[in-house]
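Notes follow once the structure below has been shown.
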């Protein structure tokens, strides 16, 4: 009788463990689905997230991203080491979710278009 109870207990325990493993795999898949995939290379210019905004609620004019900074190193676990080009300050441990690629916008074209429209 006791052996039957132990066998049932073992079966329930194994089922619970397999359900936990399945749930864990689904949670990981859902998390990775939401991540942005970027292929960064050493030397790329990126913007990093401005953490000072967490204490400044309700101010829509504050920049959410700081930079550009240069990517110096990528660790095995995907952490990025960044260096500010003017001060050579090294910032370690930035995750790829907290970094965006820097896109240089050509303001000269926009300024030429504005000056052409004023001359008309």
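A few notes on this one:
- Look at (1) touching a strand residue (DSSP E or B) at 6+ places or on another chain (Cβ under 7 Å); (2) assigned to a strand (DSSP E or B) and you find that residue 42 fails only one, number (2).
- Scanning the range 68-88 for residues that are at pLDDT below 90, more than 13 Å from residue 41 (Cα to Cα) and either surrounded by 12 or more Cβ atoms within 10 Å (Cβ to Cβ) or in contact with a strand residue (DSSP E or B) (Cβ under 9 Å, 6 or more places away or on another chain) (or both) returns a single hit, 85.
- All conditions but one from (1) assigned to a helix (DSSP H, G or I); (2) surrounded by 10 or more Cβ atoms within 10 Å (Cβ to Cβ); (3) outside the structural domain of residue 99 (by TED's automatic domain parsing) apply to residue 30; the one that does not is (2).
- Residue in the range 48-63 that is farther than 18 Å from residue 80 by Cβ, at pLDDT below 85 and in contact with a helix residue (DSSP H, G or I) (Cβ under 7 Å, 6 or more places away or on another chain) present: yes
So that you can scan it fast, the table gives a plain yes or no per residue for (1) closer than 12 Å to residue 98 by Cα; (2) without any contact (Cβ under 8 Å) to a residue 12 or more places away in the chain:
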position	(1), (2)
48	yes, no
51	yes, yes
54	no, yes
66	yes, no
86	no, yes
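The values are calculated or read from the model by the stated rules, or taken from the named source; none is laboratory data. Please read all numbers here as calculations on a predicted model, not as lab measurements. No Cβ is skipped: glycine too gets one built from the backbone with ideal geometry, and neighbour counts run over all protein chains shown.
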